[in-house]
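Here is the structure we will look at, set down as structure tokens.
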Amino acid sequence: MTPGPPRWIVGVDIGGTSLRAGMVPFAGGEPVAVVTGPSRPEEGAPQMVRRVVGMVRDSMESLGEEAAGIGIGVPGPLDRARGIVIEAPNLGWRDLPLRDMVARRTGLPVALDNDANCAAYGEWWMGAGRGTQRLIGLTLGTGIGGGIVLGGEIYHGASDSAGEVGHMSVRHPGRTCSCGGRGCVEAYASGPALAARAAEGIDSAPNSSLATLVREGPGPVTAEAVCGAAAAGDAYAMRVVEEAARILAVAVANLVHLFNPEIIVLGGGLAGAGEVLFGPLRAEARRRTFRPAWEACRIVAARFPATAGMIGAAGVLKRAIHG
Ligand SMILES: [Zn+2]
């Protein structure tokens, strides 16, 4: 029997809290037979990689199909040419030859890219940015990830480090960021930053549902709680989200001036806040940008907020084996 054309690619999304693998149609689409598990970085890299390989096998077996290869989205600076994760602090990985470790154990071709690049590429390939030539994707979660897709290609820069939107400086000198720098947009508009800001001012808003949460449990304030309360119309939570949105708008305005993109796609947990976030973000970014650039750019929510990373990782593998 001669093998038919490839039908599936395994897309893998490796994050600081969870791991996900799913079968993505070769022609593109949402992953099926998705397998998830906790990251448990404390187990160490070899054990984590073994579990990732197990999830890849489980995903293929549950669909009863082989895959043409495996695309992996992973945090941290990478050396894509050598398939190495140079540093992923949330995972405790350093100089990990992830591509070859997974390829050796599965016998399949493997390609790596940055997790936020994969999410942006997934939205470009199959999601909100289909058919566009200049897309910037932002993932608003524990950190703020970014990816730039120009002419259907992820823009990687000179050393695979482009698209670090979360570490654009928007305040001087500014708050300390998880990267060790100061004034990064991530220090103001990430999930933990939003939760911290809400907790800081909580005494000034005793009637907020967030204050009740802290007083009567289950507290402490989380980013999800802030977004939920804001979406439900809680005035204090709305103020906190709006403040983050306005700072995020500074980064968005910078991106609009620099790249003149057609679309900026926002994914990740915070994007789920909806109009409470998007309204002030658009209003502030519009005030800060040249009109022709602003009018050419749509700012939209991701179509695949949870799975764009897997879809994009599969797209990266497809690109690597088929050009
Ligand atoms: Zn930073």
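None of the figures in this text is laboratory data; all of them are computed from the coordinates on show. Not measured: the values here are computed from a predicted model. Here Cβ is always computed from backbone atoms with ideal geometry, including for glycine, and neighbour counts include all displayed protein chains.
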- [ ] Could you tell me whether the range 271-292 includes any residue that is under 23 Å from Glu224 (Cβ atoms) and among the acidic types (Asp, Glu)?
- [x] yes
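Having 1 or more residues that are away from the ligand (no atom under 16 Å from the Cβ) and over 22 Å from the mean Cα position of the chain (by Cα) is the bar; report the helices (runs of 4 or more DSSP H) wholly within the range 179-243 that clear it.
191-200, 209-216, 223-231
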Task: Top-ranked residue in the range 40-86 [being aliphatic (A, V, I, L, M) and free of Cβ contacts under 8 Å to residues at least 12 places away in the same chain; ranked as nearest to Glu164 (Cα to Cα)] - done: Ile86
TODO: Return the residue satisfying two criteria in turn: it lies in the range 117-175 and is basic (Lys, Arg) and away from the ligand (no atom under 16 Å from the Cβ), and of such residues it is nearest to Ala308 (Cα to Cα).
DONE: Arg130
TODO: Check whether at least one residue in the range 144-160 is closer than 21 Å to Pro280 by Cβ and without any contact (Cβ under 8 Å) to a residue 40 or more places away in the chain, and report yes or no.
DONE: yes
Open item on the list: Here is a check on your reading of the model: is Pro305 closer than 20 Å to Glu123 by Cα, in contact with a Cys (Cβ under 7 Å, 6 or more places away or on another chain) and surrounded by 18 or more Cβ atoms within 10 Å (Cβ to Cβ)?
Closed with: no
